[in-house]
1. Looking only at residues that are under 21 Å from residue 444 (Cβ atoms) and part of a loop (DSSP other than H, G, I, E, B) in segment 388-416, which one is farthest from the ligand (Cβ to nearest atom)?
2. Of all the residues that make up segment 488-513, how many are assigned to a loop (DSSP other than H, G, I, E, B) and either over 40 Å from the mean Cα position of the chain (by Cα) or free of Cβ contacts under 8 Å to residues at least 24 places away in the same chain (or both)?
3. Yes or no: residue 138 under 30 Å from residue 56 (Cα atoms), surrounded by fewer than 16 Cβ atoms within 10 Å (Cβ to Cβ) and either modelled with pLDDT of 60 or more or more than 40 Å from the chain's Cα centre (by Cα) (or both)?
4. Return only the number of the condition from (1) in contact with a helix residue (DSSP H, G or I) (Cβ under 7 Å, 6 or more places away or on another chain); (2) buried (at least 22 other Cβ atoms within 10 Å of the Cβ); (3) over 30 Å from residue 663 (Cβ atoms) that residue 354 does not satisfy.
5. Could you list, ordered by first residue, the pairs with Cβ atoms under 6 Å in which the first is in segment 350-362 and in contact (Cβ under 8 Å) with a residue 24 or more places away in the chain and closer than 9 Å to residue 543 by Cβ and the second is in a helix (DSSP H, G or I) and within 13 Å of the ligand (Cβ to nearest atom), at least 6 apart or interchain?
6. Can you tell me which residue is nearest to the ligand (Cβ to nearest atom) among those in segment 273-321 that are part of a strand (DSSP E or B), at negative phi and surrounded by fewer than 21 Cβ atoms within 10 Å (Cβ to Cβ)?
7. Within segment 84-107, which residues are out of contact with any helix residue (DSSP H, G or I) (no Cβ under 6 Å at 6 or more places or on another chain) and more than 11 Å from residue 144 (Cα to Cα)?
8. For residue 462, which of the numbered conditions (1) over 30 Å from residue 569 (Cα atoms); (2) buried (at least 20 other Cβ atoms within 10 Å of the Cβ); (3) out of contact with any helix residue (DSSP H, G or I) (no Cβ under 7 Å at 6 or more places or on another chain); (4) touching a residue at least 40 places away in the same chain (Cβ under 8 Å) fails to hold?
Ligand code: G6P
């Protein structure tokens, strides 16, 4: 503070001195200038007086009438400015003068003075202006009139002006000084805060924005807009950049030097079960698995997951490992066995009764139990030990998946400080108020901040996460770079919109034709070839908006009865978490509502809704996608939703309409879908009607664009972006470590 004052004084003192000097230099100049202006005025005035007097004076002079001349002089000098007058003969002889005319001022002297640029003369009574004007008669020069005008009023005015000028300069100096002090104080505080923030590693703007509560939200908005623009720009640039398994592999080898990948998730990619024909495997209904499996196939490595299948133990080796996919064996699946209590507390309890409803706005209350939390912590520890056991180096790249493992990143970091930990949160992240419901929120946040990179599907979820950290932890957030630092560990919080693997030519060649899919599905359902179908494919979960979808179908049939008997919704609902009361109640409710709607519109051989509440393998789902006119995704809240992307990928005939909830992360990318608010039944019903009546040309146009987006922004790009960011981070850390070692030597 003292130094600020000193600084201001150092600045102000020369400024005030300069102002004073300017004033003192300007004053004589100003004096001189005003004197000249007045002198010019007085010369003009003299001309005027001469002209007025001319006739009478010349007459009196020629007549030699001295009394008349004096009378004229006396009358004229009554003018307060005119001090004295004299008349001179053309030869220079003084003819007549008024009383106050100085005796020693000759006509020649007066003529000399009058010719000066500033014709003035100092008399005892003050300064006078000397003017000499010719008196003429009929063009002939007969005499000269000398006029002495008082100049003391000019001096008086000049003194006044000087006073005003000095007062003005003083006032100006004072105003400048006040402004300088205020500005210096403000900017000094700003810079001090900025410098402190910089030393703490924060951005310069942060403290200013934090201080200014009005600007804060504006700055946040501005930042978000910038980031959105950045995303759009990156997407437009990236578009030509094709990503496929080879490119991802190449990136892993080139940028991560072929480092090993370890994936951790709760759900395993292949579930072995015992059936009537012995052991078989199935692929779970999980967006996470759909996305991550192709990445693992491309990169190889180890996937650690809960072994939940009834025959899982029978196929693993003594280290609980099995090579998958069955038949092609491209990577290792390491299974972790959970006790029923662990599964109950960690999976059903904390993850699916607590975190799942906490993160989804689906109006289901989260339940948090101490015992579930304990189980969750224990299971996270067990998976952390498994990561250490599977790691072949001290710095593996570990991909931690989803809300089942919020504590895992920090636990891995404790055990393997040099690991690169990429955590991806597959579900939405709620706003800070909602998240504060969780009694163990700080532990969860600290756990996640053990990650090197923490990924979400959308920028909005990143923003929610960073705000949640701001509210709950003493961490340093750097909004410009989207990083959070706590306990010297910095985490990059980024959005990586997840996707699917675009089907290869070989895969596509194996698909039955659209016509075959259409007739097979219609035949199975006992429907005619022209019957229109919408399809919904979901886990049987309350977040998926299945009830709202059924209501939309009901309303559409109500509004357009001609479609009764001509249109149906085929709803695949894969059983999910059915041990939980909330799920049981929801599934029962859906069965009831479907029964009611079918009773209302159905007829022998026709149902408005076909509810297929069983697991469907991928091929069966693809067949449905290709058979349907419409796909409905009406999630009430969804991280991304990959069903819509799978539908688009399956439609190589460029037909079919996508109806998509605006509350699914995918809505930000799939602009050519019919975007709906699933809570607005009327809107969804109208969208459904529009979809089943949409001309083929419009379908083609929309579908072609959707396909381009999903093909270009596929899951290899998702993984590639995360791994490339990780590679950059690793490189930076290695260089820093080397520098530290070097400095220590
Ligand atoms: C969501 C979650 C996944 C989960 C999937 C299936 O997509 O983000 O982590 O695997 O649901 O749920 P489930 O509980 O059956 O694994």
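The values are calculated or read from the model by the stated rules, or taken from the named source; none is laboratory data. Note that the structure is a prediction, hence the values are computed from the model and not measured. With ideal geometry, Cβ positions are generated from the backbone for all residues, glycine too; neighbour counts draw on all protein chains shown.
1. Here the answer is 416.
2. Summing the residues that are assigned to a loop (DSSP other than H, G, I, E, B) and either over 40 Å from the mean Cα position of the chain (by Cα) or free of Cβ contacts under 8 Å to residues at least 24 places away in the same chain (or both) in segment 488-513 gives 5.
3. yes
4. Every listed condition holds for residue 354 apart from (3).
5. Cβ pairs passing all conditions: 360/543; 362/542; 362/543.
6. 282
7. Scanning segment 84-107 gives 84, 97, 99, 100, 101, 102, 103, 104, 105, 106.
8. (4)
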